[in-house]
Each structure stands twice: as structure tokens, then as C-alpha cells.
Amino acid sequence: MSPDVVLANDGTGVTTNACEPIVNDVAGKLVLVDRGGCLFTVKAKNAQDAGAIGMIVADSIAGCPAAGIGGTDPAIVIPAVRVTQADGDFLKDNLAGMNATLEVDPSQHAGTRSGKVMINTPSPYQSGSSVSHWDTAPFPDILMEPAINPSLSTDVDLTREMFADIGWYGAAASVEPEPAATSTGTPQLVLGRSAPNPAREGLATVRFSVPVSGPVSLRVYDVSGRLVAEPVERVLEAGWYVGRIPTGALAAGVYFYSLEAAGKRVSRRLVVAP
């Protein structure tokens, strides 16, 4: 089914931004609305309440590709997409007799063009870019720097974690090779090195794999054997995972982190620097 596309009219101020209840007939149709004036969730809720079966948001500024749509409202069940200002203008100019279908192409990932990875890293730095969770001049260095800078010593390539941050990979992401399979074809119990180590910035990342589905514990102990943190305590499927140790809550010193799963236990040492 390809429903008609209609431009929203809420009868107030900028009538096409759907920030007020929509007054024109959009029932059973895809409603085109302009970005701005209110949250995306407000627009979507007004569109849904008016009977629309989907929403298209036309961007308010030029640029490509269009960014995603943010916000959460469990009451909203209709799909919504955001298009560039140019595409929005094209739709508005050709609304007569227009119909369309919203669909997901499973062969495509967000942030790609012609099969190549696209990461938004504007200069100067802008909030909302793919690197917005990192400082623009971090120390210690975070991306593949050991070859030119000795400030970090182990496991510093965060490229895959950056991809995970923008939705490409789930919690099982890892840049380490998968361990050799056991005789049953499952991965081994593996506990990777923490990074950074020594930890100075308040958080250490640990990669680990578990061989079978079941309860998994990643715990941190001081040298006296006292439990000081439990980064992971839950049931996991077999595979690779990432645990994060909150070293900022620990006093400077030597600690041991231990992985327990499938009736086995492996441990490594972690140093928290002053």
C-alpha cells in the first residue's frame, strides 16, 4: 500500500510544523511536517492523534544526509523519517497526487554511502557529531597512538567502539580476534587486558568472551580480596562482550578483575594510578 502524502496544517503560527493538533485531513495518510518549533515526539504524537499512519519531517536547514530523529514516547506507534531540506522542498512542490511508502532497507546501514563508512567529524568540533563523546584534545591519546606516543601502552584502538556508539554494533563488539573454538564449536572463556592500564581517567574497558549462555560475573577485588566493584552480573549469550570498570571510584593501587562463567574463573591485574 502506498498512501497519499499531505502537508500538515495545525492552524497556528508556522502551520506546517505540527506543534499544535493538526486540523486538516491526514487520516490514513503520510503527513509531511517541517522541523522546528517543538520536539519530534510532539509532532509525531499530533500526527498520530490526527490519524496519520506515518510522518515525514523536512529539515529546516540545508545539508546532507539528514540527521536522525530523537526523542522517546511509548505512546507513539507510527513510523517517522527525516529528509533533507531539499527533499522536503521537492515533496512540497509535487504533493498533488503524490503517494509513498516508508520502508527499511536491511542491506543499508545508517551513515554509509556507496558502501563506504561515513563518520561525521566536522572541524571545528560540533556537538552531535560521531566523536561528540570524546574531547577534541584528549590525554592520554585514544586512537591508535602508541606507535607515535608512549602515553598509552595497550589496546587503545576505539574505532569499533565509536561505531557501536552510533549504532553499528551491539554490546558484543570487539576489535580483538575471536578465540579458538572448543571441541563443541563454542568460543573459549577469555578475559582481555583492561585499557588503559594503568587507569587514570576514571574508566577502564575490558573485553571478554563466554563459551555458553548462562550467568556471568565480572568482579573487581582489592589486594586483600575485598569485592569493590561488579561491572557485570547478569545472564549473557555465548560471544564477545565489553565490560567497563569504574576506576574513578577506586583509590590508587593494584586490583584484580575476575571473570566467572560456565563454572570457570579467570583473572587479570589492574593498576589504578594516582
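Each value in this text was obtained by applying a stated rule to the coordinates, not by laboratory testing. The structure displayed is predicted, hence computed values, not measured ones. We place every Cβ from the backbone using ideal geometry, glycine too, and count neighbours over all the protein chains shown.
What residues have an amide H closer than 5 Å to that of Asn17, excluding those fewer than 5 places away on the same chain, when H is modeled at 1.01 Å from N in the peptide plane?
Asp10, Asp34
Within 10 Å, count the other beta carbons around each residue, average over each peptide in 25-33, 74-82, 237-245, and list them highest first. The partial results should precede the final answer.
Values: 25-33: 21.9, 74-82: 14.1, 237-245: 18.1.
So the peptides 25-33, 74-82, 237-245, ranked by packing, come out 25-33, 237-245, 74-82.
Could you pull out every residue, at least 5 positions away or on a different chain, whose amide H is within less than 5 Å of the one on Ile78? Hs are placed 1.01 Å off N in the peptide plane, and Pro or chain starts have none.
Excluding prolines and chain starts, which carry no amide H, there are no hits.
In whole Hz, with x marking every Gly and Pro, tabulate ³J(HN,Hα) for region 8-19 from phi via Karplus 6.51 cos²θ - 1.76 cosθ + 1.60, θ = phi - 60°.
Residue by residue, region 8-19 yields 5, 9, 9, x, 9, x, 6, 5, 9, 8, 6, 7 Hz.
What number comes out for the charge environment of Arg234, summing +1 per Lys or Arg and -1 per Asp or Glu over other residues with Cβ under 15 Å away? Write out the running numbers ahead of the final one.
On the way: positive: Arg219, Arg244; negative: Glu230, Glu233, Glu237, Glu260.
Taking every Cβ under 15 Å from that of Arg234, the sum is -2.
Could you work out the relative contact order of region 190-272, using alpha carbon pairs under 8 angstrom and six or more residues apart, expressed as a whole percent?
Working: 204 pairs, mean separation 29.2, N = 83.
Across region 190-272, relative contact order equals 35 percent.
So if each residue of separation counts as 0.36 nm, and I subtract the Cα-Cα distance between Ile78 and Asp105, what length gain in nm does that give? It would help to have the intermediate numbers written out before the result.
Working: separation 27, 0.36 × 27 = 9.72 nm, distance 1.76 nm.
Full extension of this stretch gives 8.0 nm more.
Separation between the Asp89 and Ala262 pseudo-spin-labels, each 7 Å from Cα along Cα→Cβ, expressed in nm?
5.9
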